[in-house]
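Below you'll find the structure, written out as structure tokens, and then a few comments.
Coordinate-derived values only; no laboratory data. This structure is a prediction, so every number in the text was calculated from the model and none was measured. Using ideal geometry, Cβ is built from the backbone for each residue, glycine included, and neighbour counts are taken over all protein chains shown.
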Amino acid sequence: MSIGVFLALGSNLGDSAAILRLASNELSVFSKTELIASSIWKSSPEGFTSEVPEFFNAVIYITVEMPPEVLLDEVLLLEKKLGRMRGKKTKKYSSRLIDIDIIDYGGLIYKSDKLTLPHPRARYRQFVLRPLIEIKPDFCFPDSSDSLNQLVVNAEPNRMEPISQLIPLG
């Protein structure tokens, strides 16, 4: 049985738009249906204590036939393949070539040592909410009755603008 999954992608190092496109192309291999993608949005960094480049963000929807922790393992492998460095000394908020988060896995509420679903901070982040509205405006997190529009109003302000399609048309 296929499960619908929303993934958030972010980058603020290198050719971020190209990296997001490459990541979405790689993730589409796992999808049993056509990948659905938001625009690429440029956003101000959140949570950083020093000046860092702006982030490029997008949200994609895929359908998978693998358990959530297997998907997480695949996501982590892809991040590594695309140059993401992880380690004990890596700061929580640091510039990165690629960051891929599982935002929602078929409405599952789940917690393990490796993974929490839905993503615990997604509902507070404009850079997730606004691209998500583009592709699924009626989405609700499974543990909340708030609409995406209400969550956007409640989230910290962030200067954001859509800059291009994630998947080039034609």
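Quick one: how many residues across the range 100-115 are surrounded by 11 or more Cβ atoms within 10 Å (Cβ to Cβ) and either farther than 24 Å from Leu20 by Cα or not acidic (Asp, Glu) (or both)?
10
Quick check: is even one residue across the range 111-132 in contact with a strand residue (DSSP E or B) (Cβ under 9 Å, 6 or more places away or on another chain) and either on the phi > 0 side of the Ramachandran plot or among the hydroxyl-bearing types (Ser, Thr, Tyr) (or both)?
For the range 111-132, residues in contact with a strand residue (DSSP E or B) (Cβ under 9 Å, 6 or more places away or on another chain) and either on the phi > 0 side of the Ramachandran plot or among the hydroxyl-bearing types (Ser, Thr, Tyr) (or both): present.
Surrounded by fewer than 13 Cβ atoms within 10 Å (Cβ to Cβ), on the phi < 0 side of the Ramachandran plot, among the aliphatic types (A, V, I, L, M) and more than 14 Å from the chain's Cα centre (by Cα), is that true of Val70?
yes
Could you list all residues from the range 27-42 that are part of a loop (DSSP other than H, G, I, E, B), among the small types (Gly, Ala, Ser) and in contact with a helix residue (DSSP H, G or I) (Cβ under 8 Å, 6 or more places away or on another chain)?
Matches in the range 27-42: Ser38 only.
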